[in-house]
Amino acid sequence: PALFMENTRKGSIVSRANSIGSTSASSVPNTDDEDSDYHQEPYKESYKDRRRRAHTQAEQKRRDAIKKGYDDLQAIVPTCEQQDFSIGSPKLSKAIVLQKTIDYIQFLHKEKKKQEEEVSTLRKDVMALKIMKV
């Protein structure tokens, strides 16, 4: 009898362990309602996966566009050109590229203003010469 009790306990422990292990969400459902939810789960999951993939691709596209913008600025703005193209030379940070771009735009605005003033002065000189010639 003691042997029978020991085997019974072992069996109940094993069956309990099996039942605990089989209560995952992937187990076969018992009712029709659970069955319909089970079949809809992969569709929802794949929809989420598609949304996640689309979001990841859109985010990568955005990062690539920003990187291209910084690279274009660095190529266009003379003060951003790196003098040392040797291997291991530090790349300009985005903050430095932006600051140098701002500085260059401010410089261009000042140059434009100077040129506009010079054009105005030259026009006045031309008018004065035309008046004197007549």
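Given the options Q83, Q60, name the one that is modelled with pLDDT of 95 or more and of a type outside the set (A, V, I, L, M, F, W, C). Outline the logic, then answer.
Values: Q83 fails: modelled with pLDDT of 95 or more.
Answer to the check: Q60.
For the range 35-49, check the following and say yes or no: at least one residue is out of contact with any helix residue (DSSP H, G or I) (no Cβ under 7 Å at 6 or more places or on another chain), of a type in the set (G, A, S) and at pLDDT 95 or above. Write out each step before concluding.
Residues of the range 35-49 that are out of contact with any helix residue (DSSP H, G or I) (no Cβ under 7 Å at 6 or more places or on another chain), as a first pass: 35-49.
Pick out the ones that are also of a type in the set (G, A, S) and you get 36, 46.
Imposing the further condition that a residue be at pLDDT 95 or above reduces the set to none.
Within the range 35-49, none of the residues are out of contact with any helix residue (DSSP H, G or I) (no Cβ under 7 Å at 6 or more places or on another chain), of a type in the set (G, A, S) and at pLDDT 95 or above.
The values are calculated or read from the model by the stated rules, or taken from the named source; none is laboratory data. Remember, it's a predicted structure, so these values are computed and weren't measured experimentally. Positions of Cβ are generated from backbone atoms using ideal geometry, with glycine treated the same way; all protein chains shown enter the neighbour counts.
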